[in-house]
Amino acid sequence: MMKDIRNIALLLVIFTGVSIMYESDWYNQADQNIVLYFEQYRSPMVTEYFIFFTEFGSGRTLFPLLLVAAILLSFKRRAMEALFLFCCFFGSRLFNWLLKNGFERERPSFNPLTDENSYSFPSGHAMNSAAFFSFTGYLLIRYFPGCRFPIAGAMGLIIASIALSRVYLGVHFVTDITAGICAGLIWSILIKIGYKRAAVKFRQN
C-alpha cells in the first residue's frame, strides 16, 4: 500500500509540474518545436505504424477489447475483475473529460494528420491507454506470474506507442501525453487498490 501511495504522490508531482510548465512562455515554444520536429521526419511506414496505434488506443478499439475481456473473465468466474476493468475504462474517460474541460488547452494547429475537436490537455489516448493497459497487465501478471517481464514490456510498448502517436500525428504536445500517462497511471493504481481490498473482503466472506 505504501508503495502505491508513493507512486501516486510522485505521479501527482509530475502532473502538477507539467500542468504549470506548459503555460510558461519558455516551455510553450519548446513544446511546439517538438511537434514541428516530428513533422519534419514523417515517412509513410512510420505514419502507418502510429496511425495503427492511435486507432488501437481509441475507444472504438478499447471498448470491444473490454467486452471480450469481460466475457472471458465472466466465463472464468472472475466477475470482480471484469467489474473493476469496466470501472478502470469508464472512470478514466470521465476524469479525462473533466480535466480537459478544466484546463481548456488548445491543440497544436500546424499540420495534423487526423482531425480532433476536443481540448488537448491531458491526452485522452495517453491517459486511457495508460489506465486500461496497466491495469490489464496487472491482472495478467496475477494469473501468469512467470511472464511478468514480457507482459510488463508489452503493455509498456503499447502505452508508449499510443502516446507518441499523438505527437507524431500533430494532435498533441509532449506535455499533453506526459500528463495523460501520469493521470492514467494514477487512476490505474487507485483501481488496483480498490480491487485488492475487494478481493480480500471476498475471500474473508
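Values for this structure:
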quantity: Subset of segment 22-52 that is of a type in the set (Phe, Trp, Tyr) and modelled with pLDDT under 90 - its residue that is farthest from the chain's Cα centre (by Cα); calculated: 26
quantity: Enumeration of residues in segment 156-184 that are in contact (Cβ under 8 Å) with a residue 24 or more places away in the chain, small (Gly, Ala, Ser) and over 24 Å from residue 80 (Cα atoms); calculated: 161, 163, 165, 170, 179, 180
quantity: Output for segment 90-126, where each listed residue is of a type in the set (A, V, I, L, M) and touching a Leu at 6+ places or on another chain (Cβ under 8 Å); calculated: 113
quantity: Residue list for segment 141-155, filter: free of Cβ contacts under 8 Å to residues at least 12 places away in the same chain and open to solvent by less than 60 Å² (accessible area, probe 1.4 Å); calculated: 141, 153
quantity: Every residue from segment 10-25 that is free of Cβ contacts under 8 Å to residues at least 24 places away in the same chain and open to solvent by 50 Å² or more (accessible area, probe 1.4 Å); calculated: 10, 13, 16, 20, 23, 25
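The values are calculated or read from the model by the stated rules, or taken from the named source; none is laboratory data. Because the structure is a prediction, the values reported are computed rather than measured. Backbone-built Cβ (ideal geometry, glycine too); neighbour counts: all protein chains shown. In case anyone asks, the SASA skips ligands and DNA or RNA and just uses the protein heavy atoms, side chains included. Shrake-Rupley method; radii C 1.70, N 1.55, O 1.52, S 1.80 Å.
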